[in-house]
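Asker: Can you read through this structure? Questions will come right after.
Coordinate-derived values only; no laboratory data. Everything quoted here is computed from the prediction, not taken from an experiment. Methodologically, a virtual Cβ is constructed for each residue, glycine included, from the backbone with ideal geometry; neighbour enumeration extends over all protein chains shown.
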Amino acid sequence: AQSVTQLDSHVSVSEGTPVLLRCNYSSSVPPYLFWYVQYPNQGLQLLLKYTTGATLVKGINGFEAEFKKSETSFHLTKPSAHMSDAAEYFCVVSVPYSGGGADGLTFGKGTHLIIQP
Amino acid sequence: NAGVTQTPKFRVLKTGQSMTLLCAQDMNHEYMYWYRQDPGMGLRLIHYSVGEGTTAKGEVPDGYNVSRLKKQNFLLGLESAAPSQTSVYFCASSPRQGSSSGNTIYFGEGSWLTVV
């Protein structure tokens, strides 16, 4: 079975400063990794995903994440925070389909990103 | 471009009442899911469907039933609502094997349910 840990439940940064949201995972097989963003009172929207290939993945709104197998991490970063980035962010791990059901998609508990003016 | 649509968005129920949440997707996706989101818990899978006429239990299925009579619709039923079912419910869909093949899961905007 796989698991995912978002190391911070809340992160507060000033507008214009870098953002780092941390995610660690465990999986017995090479995983697929995702970051989703949830704006207030809305559903979840895909920011970026890693499946195979290049370990540095670029997403929407200037976010990127790097898959580091040796550290079992998939941290989300952005060079300069904007007020509109305030939201809940979810790291998600999935293992390759092995038959049966919903693919073992596991959500982290979320990180609430606060942007200070 | 509707994507995944959930109805209703908000509902207040009394304990013991029943209700159905409707999810509709217009992307011809094979897979559909119902999740619940609770503070500090992330999203937890209630039930899912891998195709029309099929359903399966997820992580927290108790107290819920589902049906997928048409490919584009996935219904979530609460037979006898309990306060523990107060939550935000999200429907989602994906082309086939969900995120295991790298396919994106698309979410609806949520249904806020309060059971008093």
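Asker: Could you line up A:114, A:60, B:105, B:46 from fewest to most neighbouring Cβ atoms inside 10 Å?
Answerer: Exposure proxy ranking, most exposed first: A:60, A:114, B:46, B:105.
Asker: Can you sort A:10, A:82, B:29 from fewest to most other Cβ atoms within 10 Å of each residue's own Cβ?
Answerer: Ranked by crowding around the Cβ, least crowded first: A:10, A:82, B:29.
Asker: For chain A, set up a GNM with springs between Cα atoms under 10 Å and report which of A:105, A:33, A:47 has the largest fluctuation.
Answerer: A:105
Asker: Starting with the fewest neighbours, write out B:111, A:73, A:9 ranked by other beta-carbon atoms found within 10 Å of each beta-carbon. If you can, show how the numbers build up before the last one.
Answerer: Working: B:111 23, A:73 18, A:9 10.
Final ranking by Cβ density, sparse to dense: A:9, A:73, B:111.
Asker: Can you tell me the FRET efficiency between residue A:3 and residue B:70 if r is taken as the Cβ-Cβ distance and R0 is 30 Å, rounded to the nearest 0.05?
Answerer: With a Förster radius of 30 Å, E is 0.30.
Asker: Something else now. Between B:67, A:61, A:93, whose Cα lies farthest towards the positive end of the dipole of the protein assembly as shown when Lys and Arg beta carbons carry +1 and Asp and Glu beta carbons carry -1, centred on the Cα centre?
Answerer: Projecting each Cα onto the dipole axis, the largest value belongs to B:67.
Asker: Once the Cβ-Cβ distance between residue A:66 and residue B:15 is put in as r, and R0 is 45 Å, what FRET efficiency do you end up with, to the nearest 0.05?
Answerer: For R0 = 45 Å, the calculated efficiency reads 0.40.
Asker: Between segment B:1-48 and segment A:20-48, how far is it from one alpha carbon centroid to the other, in angstrom?
Answerer: Segment B:1-48 and segment A:20-48 have Cα centres spaced 20 Å from each other.
Asker: Continuing with this model, one more query. Would you mind working out the magnitude of the charge dipole of segment A:3-116 relative to its Cα centre, with +1 at each Lys and Arg C-beta and -1 at each Asp and Glu C-beta, to the nearest 20 Debye?
Answerer: 180 debye
Asker: Using only the Cα atoms of the protein assembly as shown, what semi-axes does the equivalent ellipsoid have when each is the square root of 5 times a gyration tensor eigenvalue? Give whole Å, largest first.
Answerer: 29, 21, 15
Asker: Another question, then. Over every pair of different alpha-carbon atoms in segment A:3-116, take the mean of 1/r and invert it; report that Kirkwood radius in Å.
Answerer: One decimal place: 14.3 Å for the Kirkwood radius.
Asker: Taking 0.36 nm per intervening residue step and subtracting the Cα-Cα distance, what contour gain separates residue B:59 from residue B:114 on full extension?
Answerer: 17.7 nm
Asker: Across segment B:107-112, in residue order, what do the Karplus-derived ³J(HN,Hα) couplings come to in whole Hz, using 6.51 cos²θ - 1.76 cosθ + 1.60 with θ = phi - 60° and x for Gly and Pro?
Answerer: Result, rounded to whole Hz: 9, x, 8, x, 10, 8.
Asker: Oh, and also: How far apart, in nm, are the 7 Å Cα→Cβ label points at residue A:17 and residue A:39?
Answerer: In this crude label model, residue A:17 to residue A:39 measures out at 2.5 nm.
Asker: Whose amide H sits under 5 Å from the amide H of residue A:11, counting only residues 5 or more places off or on another chain, with H placed in the peptide plane?
Answerer: Counting only residues 5 or more places away or on other chains, the set is A:112, A:113, A:114.
Asker: For a quick check: with amide H placed at 1.01 Å from N, whose amide H comes under 5 Å from residue B:47's, ignoring anything fewer than 5 positions away on the same chain?
Answerer: B:34, B:58
Asker: From the cross-link list A:68/B:57; A:109/B:70; A:78/A:109; B:9/B:57, which pairs have alpha carbons spaced over 27 Å apart?
Answerer: Correct reply: A:68/B:57; A:109/B:70.
Asker: Same structure again: Could you tell me which residue out of A:25, A:70, A:111 lies farthest along the dipole of chain A toward its positive end? Charges go on the beta carbon: Lys and Arg +1, Asp and Glu -1, centred on the Cα centre.
Answerer: The Cα lying farthest towards the positive end belongs to A:70.
Asker: While we're on this one: Rounded to the nearest 20 Debye, what is the dipole magnitude of the protein assembly as shown about its Cα centre when Lys and Arg each give +1 and Asp and Glu each give -1 at the C-beta?
Answerer: That gives the protein assembly as shown a dipole magnitude of about 260 debye.
Asker: Over segment B:4-106, what lengths in whole Å, largest first, do the semi-axes of the equivalent ellipsoid take, defined as the square roots of 5 times the eigenvalues of the alpha-carbon gyration tensor?
Answerer: Here the semi-axes work out to 22, 15, 12 Å.
Asker: Let me ask something additional. Place a +1 charge on the Cβ of each Lys and Arg in chain B and a -1 charge on the Cβ of each Asp and Glu, then give the dipole magnitude about the Cα centre in debye, rounded to the nearest 20. Before the final figure, lay out the partial values.
Answerer: Numbers: 10 positive and 8 negative charges, 24 e Å.
Charge dipole of chain B: 120 debye, to the nearest 20.
Asker: Picking from A:62, A:16, A:43, which is most flexible by a Gaussian network model of chain A using Cα springs under 10 Å?
Answerer: A:43
Asker: Between A:79, A:30, A:40, where does the largest GNM mean-square fluctuation fall for chain A, given springs only between Cα atoms within less than 10 Å?
Answerer: A:40
Asker: I need the calculated FRET efficiency for the pair residue A:84 and residue B:79, taking r as the beta carbon distance and R₀ as 30 Å, to the nearest 0.05.
Answerer: Step by step, r from the Cβ atoms, then E = 0.15.
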